[in-house]
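Everything below concerns the one structure shown next.
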Amino acid sequence: MISYEINRNTMALIPINDDQTKIIERNKIFIINENIMEIIKNSCEFFGSSYLGRKEGTKKLTGITHKSPIIIEESNNIIYFPTESPRLNSCSWIGFNNIKKCINNNGKGTIIFDNDKSLDLDISYNSLDNQVLRSSKLESILRKRLNTAI
């Protein structure tokens, strides 16, 4: 696979190294030879915006400036958040709308997706919980704006 676009079945993007990313989808897991930030940027562009535009949109809507969740595609409510600074090569991106719950696993964060698959993250539970709350705030503001625009 040469280029990958995030879709409703994509649950997480995990960096393997600078040039490879593990894709976790609802029914399969695979590795592609593409940098994780290139996937994020290409997916934003595929759906009609730039990554910087999406990041700026989050800032305008929520005031969040660091480790910002972004709207990849608004009509399907595809929102992703970084597990740490996106500038770090170890940063994973998680599909907010596929999360069922988060668990505190001895201080570390574990995600249970809506298909009951789990993902252990190498970040604190508090950091994970904060990213989920920020994504929820973005989703709520977006939903309210879409509902009032109709």
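Quick notes on this structure:
- Taking each residue as 0.36 nm, the span from Lys137 to Asn7 lengthens on full extension beyond its C-alpha to C-alpha distance by 44.7 nm.
- Within straight-line cross-link reach of Lys108, lysines at Cα separation under 19 Å, skipping those fewer than 8 residues along the same chain: Lys67, Lys100, Lys117
- Amide H within-cut-off set for Glu73, under 5 Å, with H built and near neighbours excluded: Ile78
- For Ile6, the amide hydrogen comes within under 5 Å of the amide hydrogens of Ser43, counting only partners 5 or more places away or on other chains and with H modelled in the peptide plane.
- Relative contact order (percent, whole number), the chain, Cα cutoff 8 Å, 6+ residue spacing: 18
- Under Karplus coefficients 6.51, -1.76 and 1.60, residue-wise ³J(HN,Hα) of region 42-58 in Hz, glycine/proline x: 5, 5, 4, 5, 4, 9, x, 8, 9, 4, 5, x, 5, 5, 5, x, 4
- Segments 74-80, 89-95 sorted - mean Cβ within 10 Å per residue, highest first: 89-95, 74-80
- Label-point separation, Ser118 to Leu61 (7 Å along Cα→Cβ), nm: 3.1
- Using just its DSSP H runs of length 4 or more, each adding -39500 (n - 2.57), the chain gives a mean residue ellipticity at 222 nm of -10500 deg cm²/dmol after division by all residues.
- Mean Cβ neighbour count within 10 Å, used as a protection proxy, ranking 139-145, 54-60 highest first: 54-60, 139-145
- Amide proton proximity set for Ile123, modelled H, under 5 Å, gap of 5+: Gly109
- Between the listed residues Leu146, Leu52, Asn98, the Cα displaced farthest toward the positive end of the dipole of the chain, a dipole computed from Cβ unit charges relative to the Cα centre, is found at Leu146.
- FRET efficiency for Asn106 and Thr148, using Cβ-Cβ distance with R0 set to 30 Å, rounded to 0.05: 0.10
- Among 10-21, 102-113, the peptide with the highest mean count of other Cβ atoms within 10 Å heads the list, and the full ranking is 10-21, 102-113.
- Each of Gly107, Ser68, Phe81 was scored by the projection of its Cα onto the charge dipole of region 56-107, and the greatest displacement toward the positive side belongs to Gly107; charges sit on the C-beta of Lys, Arg, Asp and Glu.
Taken together, the values in this text are just the output of simple stated rules run on the coordinates, not laboratory data. All figures in this text were calculated on a predicted structure; none of them were measured in a lab. Neighbour counts are summed over all protein chains in view; Cβ atoms, including those assigned to glycine, are modelled from backbone coordinates with ideal geometry.
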